[in-house]
Amino acid sequence: MKIRLRGNSIRYRLDKIDMELLETVGKIDSITHIGAGTLHFVIRGKDIPAPVAKLEHDGVHLLIPITQLQLWISSGEVGFSLDIPNEDGTHLAILVEKDFKCLTDRDEDDSQSFDNPMASKNC
C-alpha cells in the first residue's frame, strides 16, 4: 500500500496483493518504523453503515462498509472516493485506488502493481 498525505486528504494506492488481502481477509495494513515507534495505516471492511476514519495512538484506521468494499473489488473500477466529516466541522477527503505500474523507469519495485492502461498509448 502506498499512502500520500496532503492537507486534509489521504490517497491510498493498492497493489494486487493488497486487493487480494482485502478480498480474502478484509484488512490490509502498512507499518513504518520511526525511531522506537511505528506509524501504521489500516483499511478494513466492517459491518457498519458508513465509512469511518479514526486516528488512534499510532496510526490511521479507515473502516469501510463490507458491502461497499466487496462491490468495489468485484466491479473492476479503478477506485473510489470518500468525504468524511471531522468533529471540528472540516472534512477528510479519501481516495482509494489501484496502483498502476509506472510509465517511466523508477528505482521502485512495481511488480505487484496493476498494468497501466496508458502503457499502450503514445504520450
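Summary table
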read-out: Filter result for Pro65 (modelled with pLDDT of 95 or more, touching a strand residue (DSSP E or B) at 6+ places or on another chain (Cβ under 6 Å) and within 21 Å of Glu97 (Cβ to Cβ)); value: no
read-out: Matching residues in segment 9-30 - criterion: being closer than 15 Å to Leu95 by Cβ and in a strand (DSSP E or B); value: Ser9, Ile10, Arg11, Tyr12, Arg13, Leu14
read-out: Filter result for Asp107 (modelled with pLDDT of 95 or more and surrounded by fewer than 10 Cβ atoms within 10 Å (Cβ to Cβ)); value: no
read-out: Residue in segment 12-24 that is closer than 23 Å to Pro85 by Cα and either surrounded by 13 or more Cβ atoms within 10 Å (Cβ to Cβ) or within 11 Å of the chain's Cα centre (by Cα) (or both) present; value: yes
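The values are calculated or read from the model by the stated rules, or taken from the named source; none is laboratory data. No experiment lies behind these values; they were computed from the predicted model shown. In this analysis, Cβ positions are derived from the backbone assuming ideal geometry, glycine residues included, and neighbour counts consider all displayed protein chains.
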